[in-house]
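Inspection log for the structure reproduced underneath, given as structure tokens.
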Amino acid sequence: MPKVSSCILFKIYHILYQSFGPQQWWPGETTIEIMVGAILTQNTNWKNVEKAIENLKQEKALSVVALRQISIKKLAFLIKPAGYFNVKAARLKSFIDFLFFEYSGNLKKMGQERLPVLREKLLAVKGIGPETADSILLYAFEKPVFVVDTYTKRFLLRHHFIKEDASYYQVQEFFMSRLLPDVKMFNEFHALIVRLGKEYCKTKPLCGACPLKERGYFDVRKK
């Protein structure tokens, strides 16, 4: 395994940023919309989530109060485009119950909770795993935590930065131990890696056209 310095990560970040530009994540107009999107995007693509969120907006059901009052049956129907709609409706309801139990439905109060405390509480909510919890923390509440997903791990594996059996937390620590706790950078870096994964670092990679190669990034696998 190569030794990876902060400088290497900064170089990768700047090449991706120059290649793709700012990604303006997370796509959402309100805090609750971002959180709902983070839960709905599990095991589906974002286009399907957008359809589900649009259904909620048309029914005026995309608010903390509305999500608490709506029946789980109707909620499941509205979010059907996102897939696993019965499961996700139950997860949304569990999250809303948590929000009211812990913070009286007050998102501002929730956002004032310290990062480690809020993260632990989120992970205790049924259906919310590390990636979803961290997406809520970073994108909804602007707390400095690096989000890890399939694209992140695939990218690091192909550059031999991590081992194949690396856990979520080991991958997360790879970034957070080398980068300053910068919310804006964490936001952009994760989004840029997702963009890289969708366009080049696919299941069948397009390494020849990858911006990292085109812009002179040295391949650490040869070191």
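The values are calculated or read from the model by the stated rules, or taken from the named source; none is laboratory data. This one's a predicted model, so the numbers in the text were calculated from it and none came from an experiment. Here the Cβ is made from the backbone with ideal geometry for all residues, glycine too, and neighbour counts use every protein chain on show.
Remarks
One line per residue, one yes/no per condition, for (1) free of Cβ contacts under 8 Å to residues at least 12 places away in the same chain; (2) within 23 Å of Y151 (Cβ to Cβ):
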| position | (1), (2) |
| --- | --- |
| K51 | no, yes |
| L56 | no, no |
| L67 | no, no |
| L78 | no, no |
| Y84 | no, yes |
| L99 | no, no |
| K108 | yes, no |
| R114 | yes, no |
| D134 | no, yes |
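- Comparison of F101, F95 shows that the only residue that is crowded, with 21+ Cβ neighbours inside 10 Å, assigned by TED's automatic domain parsing to the domain that holds S135 and among the aromatic types (F, W, Y) is F95.
- Options V171, V148, V183; residue that is touching a Ser or Thr at 6+ places or on another chain (Cβ under 8 Å) and hydrophobic (A, V, I, L, M, F, W, C): V171
- Every residue from segment 73-84 that is assigned to a helix (DSSP H, G or I) and surrounded by fewer than 18 Cβ atoms within 10 Å (Cβ to Cβ): K73, K74, F77, K80, P81
- Set I39, I70: member being within 30 Å of D165 (Cα to Cα) and buried (at least 17 other Cβ atoms within 10 Å of the Cβ): I39
- Residue selected from segment 10-20 under the condition under 13 Å from F175 (Cα atoms) and in contact with a helix residue (DSSP H, G or I) (Cβ under 7 Å, 6 or more places away or on another chain), by the criterion surrounded by the most Cβ atoms within 10 Å (Cβ to Cβ): I12
- The condition of being assigned to a loop (DSSP other than H, G, I, E, B), at pLDDT 90 or above and more than 20 Å from L99 (Cα to Cα) holds for only one of P27, P22, that being P22.
- Segment 104-149, residues that are surrounded by fewer than 20 Cβ atoms within 10 Å (Cβ to Cβ), part of a helix (DSSP H, G or I) and hydrophobic (A, V, I, L, M, F, W, C): L107, L115, V117, L123
- Tallying residues that are in a helix (DSSP H, G or I) and buried (at least 19 other Cβ atoms within 10 Å of the Cβ) within segment 152-170 yields 4.
- The residues of segment 143-162 that are touching a His at 6+ places or on another chain (Cβ under 9 Å) and either among the acidic types (D, E) or in contact (Cβ under 8 Å) with a residue 60 or more places away in the chain (or both) amount to a single one, D149.
- The residue of segment 141-179 that is farthest from I193 (Cα to Cα), among those that are polar (S, T, N, Q) and under 15 Å from the mean Cα position of the chain (by Cα), is Q172.
- Filter result (under 17 Å from E131 (Cβ atoms) and free of Cβ contacts under 8 Å to residues at least 24 places away in the same chain) within segment 163-200: A166, S167, Q170, V171, E173
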